[in-house]
Amino acid sequence: MTANVKLRATADRRKTRLRAKLRRVSDRMRLSVYRSGQNIYAQIIDDTKGITLVAASTMEKDVRSKLKTGANKDAAANVGKTLAERAKAAGISEVVFDRGQFRFHGRIKALADGAREAGLKF
């Protein structure tokens, strides 16, 4: 196995383990985060119905217009605030945070802090 294949397998196991734990513990909506090298994406998912209720990312024109780049903590915090505002408008106030395969630091933490500032509880 090459190094990239091993890292991908490890990341997939970490993601699966975290999601299984979240499903056992909570019946709330899930705030799922994905981070790429250039952008960050977040969505609130209803796992019982299997649908995305609210989403935000640095790819959207209204979010991107406020940012210099989509790959820093300021961009992540802005996406978190935007997502929380949309969630409140949709009637969602409490979620469980799904960081996926990523550690809770840097841009992931900035997104979570931005969502908390805007009133989302998790």
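Where a number appears in this text, it was derived from the coordinates with a stated rule and is not lab data. None of the values given here were measured: they were computed from a predicted structure. Positions of Cβ are generated from backbone atoms using ideal geometry, with glycine treated the same way; all protein chains shown enter the neighbour counts.
Select from VAL96, THR16, VAL79 the residue farthest towards the positive end of the dipole of the chain; place +1 on Cβ of Lys and Arg, -1 on Cβ of Asp and Glu, and compute about the Cα centre.
THR16
Of the residues ARG99, ARG107, ARG17, which exhibits the maximal mean-square fluctuation in a Gaussian network model of the chain defined by a 10 Å Cα contact cut-off?
Taking springs between Cα atoms under 10 Å, the residue moving most is ARG17.
Select from ALA71, ALA55, ALA110 the residue whose mean-square fluctuation is largest in a Gaussian network model of the chain (Cα-Cα springs shorter than 10 Å).
With Cα springs under 10 Å in the chain, the top fluctuation among ALA71, ALA55, ALA110 is at ALA71.
Just to confirm my numbers, what's the Cα centroid distance between region 7-49 and region 50-122 in Å?
14 Å
Give me the extension gain from ARG116 to LYS49: residue separation times 0.36 nm, minus the current Cα-Cα distance, reported in nm with one decimal. Don't skip to the end; give the middle numbers.
On the way: separation 67, 0.36 × 67 = 24.12 nm, distance 2.50 nm.
Here the answer is 21.6 nm.
Taking the Cβ of ALA71 as the centre, find all other residues whose Cβ is under 11 Å away and add up their charges (Lys, Arg: +1; Asp, Glu: -1). Mind showing how you got there, number by number?
On the way: positive: ARG35, LYS68, LYS73, ARG107; negative: ASP74.
Summing Lys and Arg as +1 and Asp and Glu as -1 gives +3.
Could you pull out the pairs from LYS61/LYS121; LYS21/LYS88; LYS21/LYS121; LYS6/LYS49; LYS15/LYS88; LYS21/LYS73 whose alpha carbons sit more than 21 Å apart here?
Working: LYS61/LYS121 26 Å; LYS21/LYS88 26 Å; LYS21/LYS121 19 Å; LYS6/LYS49 33 Å; LYS15/LYS88 27 Å; LYS21/LYS73 27 Å.
Listed pairs above 21 Å: LYS61/LYS121; LYS21/LYS88; LYS6/LYS49; LYS15/LYS88; LYS21/LYS73.
As I understand it, the dipole of region 3-117 uses +1 on the Cβ of Lys and Arg and -1 on the Cβ of Asp and Glu, about the Cα centre. Which of LEU67, ILE108, LEU31 lies farthest toward its positive end?
In region 3-117, that residue is ILE108.
Roughly what would the spin-label model give for SER36 and ARG14, points 7 Å off Cα along C-beta, in nm?
So the two model labels end up 2.0 nm from each other.
Counting other C-beta atoms within 10 Å, which of THR48, THR69 has the fewest, and how do the rest follow? List each step's numbers first, then the result.
Details: THR48 8, THR69 11.
Placing the least packed residue first, the sequence is THR48, THR69.
Along the charge dipole of the chain, which of ASN4, THR58, GLY119 sits closest to the positive end, that is, farthest toward it, with unit charges on the beta carbon of Lys, Arg, Asp and Glu (+1, +1, -1, -1)?
The Cα lying farthest towards the positive end belongs to ASN4.
Please give the charge dipole size of region 3-122, origin at the Cα centre, charges +1 on K and R Cβ atoms and -1 on D and E Cβ atoms. Round to the nearest 20 debye.
Numbers: 28 positive and 12 negative charges, 121 e Å.
Computed charge dipole of region 3-122: roughly 580 debye.
Would you please name the trypsin sites (Lys or Arg not before Pro) within region 49-88 that are DSSP coil residues with at most 14 other C-beta atoms within 10 Å of their C-beta?
Working: sites: LYS49, LYS61, ARG64, LYS66, LYS68, LYS73, LYS81, ARG86, LYS88; in loops: LYS49, LYS66, LYS68.
Passing both the DSSP loop test and the Cβ count: LYS49, LYS66, LYS68.
Using the Karplus curve 6.51 cos²θ - 1.76 cosθ + 1.60 with θ = phi - 60°, what ³J(HN,Hα) values do you get for each residue of region 62-78, in whole Hz, with x for Gly and Pro?
Calculated HN-Hα couplings, in order: 5, 7, 5, 5, 8, 10, 7, 8, x, 10, 9, 5, 4, 5, 5, 5, 5 Hz.
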